[in-house]
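In what follows, a single structure is set out as structure tokens and then discussed.
The values are calculated or read from the model by the stated rules, or taken from the named source; none is laboratory data. This one's a predicted model, so the numbers in the text were calculated from it and none came from an experiment. Methodologically, a virtual Cβ is constructed for each residue, glycine included, from the backbone with ideal geometry; neighbour enumeration extends over all protein chains shown. Please note that ligands, DNA and RNA were not included when accessible areas were found on the heavy atoms of the full protein model with its side chains. Shrake-Rupley method; radii C 1.70, N 1.55, O 1.52, S 1.80 Å.
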Amino acid sequence: MSYALKLLRSGRPFLLLLPVITFAVDNATLPVRQGICGKSVNAVLKLNPKTKSASIEKAFITKEELCDEGRYEINANLRVILRNSEGLMVYDKQVFLNPHTLIETTRSATSTEFGDHKIKDDPTYRVVKFPLAESMGDFKSYEIQGYPDKAVFGQGTLPLVKMDAE
Amino acid sequence: MLRHSLLTLLFLVVTSFPVFAYKMTIYTDQTSKAKAEQVKQLFKTTYPFNQYNIDFEIVSATAAELNCAPDPAITRLVVCNSTHVTTDSAARGSDQAFIVRDLAQYGGSGGGVPVITTQSDPRMMLHEYLHTLGLSDEYEYSASEAPRFCTSTTRSPNLTVITPLASYASDAIARTTHSSAIPWYARIAGTTLITNSTNLGTGNVNSTTAAPNTGNAPLALSRAIGLYKGKTCRNLPATGSGPAAASWHPGGEPTIMEFLSGGLGGPTEQIVAGIYDSRGVTKRVAATTPPPPMPVTVTDGARDDSKGAIINVINNTGSSSSIGR
């Protein structure tokens with residue numbers, strides 16, 4: 001008996017198709033995802049509290065799909081705006097990056113009480129992910145504003161790095 | 001055969017729905033990676049982090065890559081330059097980098113990248129990560145740091161600095177006067193007073209520390225979310241004859257932001273969950289009892305119907321943290 005016939009007799013094709021059917025049915029009743037989806041662009045955001053400036057140090061374009069449902073972070077203090085090669089704003093995101101570094105230690109190695117501590121104004125960094133959808137065209141430049149005061153903290157060309165072979 | 005088919009079916013159904021996990025990457029130069037593993041386990045068992053889709057990754061790094069050194073002023077304090085780890089974590093698709101540095105000192109730092117040393121309690125990492133999310137310390141600041149931190153514009157999700165009036169004719173007047181300075185104001189029920197007698201404050205933060213919560217449900221609130229006077233700004237120099245500026249918190253119990261032995265406490269759990277929700281971190285699908293509905297007013301957000309619930313949004317417009325605060 002051929003493998004195809006064995007497969008048909010086993011009923012496995014039906015079982016393999018079932019998820020597709022299930023997905024189609026369930027998908028019809030699911031709420032539409034709110035996030036904007038696209039290739040994940042993982043940016044390194046730098047904030048320098050001494051000079052009150054911010055920049056994007058690197059932006060890695062990956063093939064990983066990202067549906068961004070975190071565009072408006074609670075407690076955001078920065079707004080990152082991305083523009084395409086025509087200078088049009090194609091995405092923006094409100095994020096929080098602590099401008100301070102708090103260094104601290106406990107009273108002893110086994111103590112649970114805090115002892116020495118200090119607030120430093122060294123630059124701080126974090127990763128911010130953006131979805132690059134086909135409809136956006138490309139990301140070319142950025143502007144970083146304070147939020148909600150809109151003071152400009154930095155702007156420039158996005159230093160893009162492609163991670164996967166296209 | 002049937003079992004194989006069912007497993008295939010289950011696999012295909014599960015993978016049909018995209019799940020966007022939040023990825024935490026812990027960099028360490030400790031050969032055994034033991035402390036990093038403890039940190040990972042702590043997050044995996046601590047509410048509300050244990051309710052979210054979080055992938056963990058432990059990555060070996062050299063001491064040079066971690067780039068940590070004693071602070072020039074207080075050598076017991078260790079500070080790291082996190083450029084390398086943040087760049088590496090972005091390249092590997094991580095959302096948050098952590099550093100566990102193999103050093104004899106104990107302590108850590110929080111801001112962009114949370115850092116602890118291998119001699120530190122792993123709970124120190126939880127404390128530092130809460131700084132990264134924007135939360136403030138709740139322990140008593142020294143006379144040198146308190147004036148820097150405790151300013152009239154200091155606002156964070158778990159702390160605000162307010163100079164009270166000499167007295168309040170009513171709770172309504174206190175609310176009108178200070179609501180915009182309280183980031184968690186939307187979480188304070190209308191029946192909870194933010195004054196006691198004619199003074200500001202639901203009460204003082206008491207001495208019974210909130211217990212760590214390793215369960216799957218939020219802590220029951222032992223005291224209602226309100227406005228509790230804390231210790232952080234006690235060492236501010238005296239000014240004038242009126243009440244001094246003080247730190248105020250949403251909860252009446254000391255939390256991990258004051259003592260490492262403490263848990264997040266009910267109010268901070270809710271705040272952290274709200275931050276995670278606003279960052280789009282998805283919840284794990286688990287057979288848990290849903291938390292009771294919160295008396296929260298949406299003030300500057302919108303319904304997110306994809307989550308089937310109102311997003312907990314704290315209105316901090318006009319009083320939110322800003323750079324250089």
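Conditions tested, residue by residue: (1) surrounded by 17 or more Cβ atoms within 10 Å (Cβ to Cβ); (2) of a type in the set (D, E, K, R).
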| residue | (1), (2) |
| --- | --- |
| A:92 | no, yes |
| A:102 | yes, no |
| A:110 | no, no |
| A:113 | no, yes |
| A:116 | yes, yes |
| A:135 | no, no |
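For the range A:50-67, name all the residues that are in contact with a Lys or Arg (Cβ under 9 Å, 6 or more places away or on another chain), surrounded by fewer than 21 Cβ atoms within 10 Å (Cβ to Cβ) and not β-branched (Val, Ile, Thr). Hits for the range A:50-67 are A:53, A:55, A:57, A:63, A:64, A:65, A:67.
Out of the residues in the range A:137-163 that are open to solvent by 60 Å² or more (accessible area, probe 1.4 Å) and more than 24 Å from residue A:53 (Cα to Cα), which is nearest to the other protein chains (Cβ to nearest Cβ)? Step by step, filter the range A:137-163, then rank; the result is A:163.
Inspect all residues belonging to the range B:213-224 and state whether any of them is within 15 Å of residue B:165 (Cα to Cα) and modelled with pLDDT of 95 or more.
No, there is no match, as no residue in the range B:213-224 is within 15 Å of residue B:165 (Cα to Cα) and modelled with pLDDT of 95 or more.
In the range B:215-231, the residues that are in a strand (DSSP E or B) reach residues that are among the aromatic types (Phe, Trp, Tyr) and buried (at least 22 other Cβ atoms within 10 Å of the Cβ) with C-beta atoms within less than 7 angstrom, at least six apart or across chains, in these pairs: B:228/B:248; B:229/B:248. Taken over the range B:107-124, the criterion of being farther than 17 Å from residue B:54 by Cβ and either more than 7 Å from chain A (Cβ to nearest Cβ) or touching a residue at least 24 places away in the same chain (Cβ under 8 Å) (or both) is satisfied by B:107, B:108, B:109, B:112, B:115, B:116, B:117, B:118, B:120, B:121, B:123, B:124.
Scan the range B:38-48 for residues that are open to solvent by less than 20 Å² (accessible area, probe 1.4 Å) and without any contact (Cβ under 8 Å) to a residue 24 or more places away in the chain and report the count.
The first filter runs over the range B:38-48 and keeps only residues open to solvent by less than 20 Å² (accessible area, probe 1.4 Å), leaving B:39, B:43, B:46, B:48.
Next cut, without any contact (Cβ under 8 Å) to a residue 24 or more places away in the chain only: none.
Result for the range B:38-48: 0.
If I go through the range B:98-107 residue by residue, how many of them are out of contact with any Ser or Thr (no Cβ under 6 Å at 6 or more places or on another chain) and modelled with pLDDT of 95 or more?
Residues of the range B:98-107 out of contact with any Ser or Thr (no Cβ under 6 Å at 6 or more places or on another chain): B:98-99, B:104.
Filter again for modelled with pLDDT of 95 or more, leaving B:98-99.
So the count comes out to 2.
Taken as a whole, the condition of being assigned to a loop (DSSP other than H, G, I, E, B), within 12 Å of residue B:66 (Cα to Cα) and of a type in the set (A, V, I, L, M, F, W, C) does not apply to residue B:100. Of the listed requirements (1) more than 14 Å from chain A (Cβ to nearest Cβ); (2) open to solvent by 50 Å² or more (accessible area, probe 1.4 Å); (3) not charged (D, E, K, R), residue B:235 misses just one: (1).
Checking each residue in the range B:125-140 for being in a loop (DSSP other than H, G, I, E, B) and within 7 Å of another protein chain (Cβ to nearest Cβ) picks out B:134, B:137, B:139.
Among A:38, A:87, which is more than 10 Å from chain B (Cβ to nearest Cβ), part of a loop (DSSP other than H, G, I, E, B), over 30 Å from residue B:139 (Cβ atoms) and of a type outside the set (Asp, Glu)?
Values: A:38 fails: part of a loop (DSSP other than H, G, I, E, B).
When all the criteria are applied, what remains is A:87.
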